[in-house]
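The values are calculated or read from the model by the stated rules, or taken from the named source; none is laboratory data. Bear in mind that the values here come from a model prediction, so they are computed numbers and not experimental data. We place every Cβ from the backbone using ideal geometry, glycine too, and count neighbours over all the protein chains shown. Ligands, DNA and RNA are excluded from the accessible area calculation, which covers all protein heavy atoms including side chains. Shrake-Rupley method; radii C 1.70, N 1.55, O 1.52, S 1.80 Å.
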Amino acid sequence: MKLKTTLAIALAFSMLGGAQAATLTKMGAKQGRSFHEFNYEDGCKSCHDQGMRKPPSDQSCQQCHDLPELIEATANKEKQWKNPHNNMHYGDKVPCIECHGEHKSKKPLCSNCHNFDFKNFNEN
């Protein structure tokens, strides 16, 4: 529980700070998110629970990232459904990898159709 709370706080600060917390950094043979650096010490399988050629499952991501805490942290007080983690089209069912990439930049799924901006999202 303490790890989840610490990660939630780190996520909140990274969302406020934007780019610096989410930079891609060379880690061993791959590049990865600087805020996941501690995972690289445990090896790739600490996230890649479906095999090395497949992306991590949502369950793997949610071992550290608590979905209700993410929904609360990214809530839009003015427009309830303009929340990337709980939106009007998919609710809270969008797979993490649709928007978040560990080893390469990605854009939010919403940007395929919508032109609004999640000001704290960093695709780098």
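Summary of values
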{"read-out": "Long-range neighbours under 6 Å by Cβ, at least six apart or interchain, first residue in contact (Cβ under 8 Å) with a residue 40 or more places away in the chain within the range 46-61, second outside any loop (DSSP other than H, G, I, E, B) and open to solvent by 40 Å² or more (accessible area, probe 1.4 Å)", "value": "55/97"}
{"read-out": "Candidate set from the range 77-89 (those that are in a loop (DSSP other than H, G, I, E, B) and under 30 Å from residue 25 (Cβ atoms)); member that is least open to solvent (accessible area, probe 1.4 Å)", "value": "83"}
{"read-out": "Candidates 111, 105, 60 - the one that is closer than 28 Å to residue 26 by Cα, among the polar types (S, T, N, Q) and in contact with a strand residue (DSSP E or B) (Cβ under 8 Å, 6 or more places away or on another chain)", "value": "105"}
{"read-out": "Those residues of the range 23-74 which are among the small types (Gly, Ala, Ser), at pLDDT 95 or above and part of a helix (DSSP H, G or I), in sequence order", "value": "60"}
{"read-out": "Residue count, the range 57-76 (criterion: over 18 Å from residue 110 (Cβ atoms) and either in contact with a Cys (Cβ under 7 Å, 6 or more places away or on another chain) or open to solvent by less than 100 Å² (accessible area, probe 1.4 Å) (or both))", "value": "9"}
{"read-out": "Count - residues of the range 22-54 that are touching a Leu at 6+ places or on another chain (Cβ under 9 Å) and open to solvent by 50 Å² or more (accessible area, probe 1.4 Å)", "value": "2"}
{"read-out": "Residue in the range 96-124 that is most open to solvent (accessible area, probe 1.4 Å), counting only those that are in contact with a helix residue (DSSP H, G or I) (Cβ under 6 Å, 6 or more places away or on another chain) and at pLDDT 85 or above", "value": "98"}
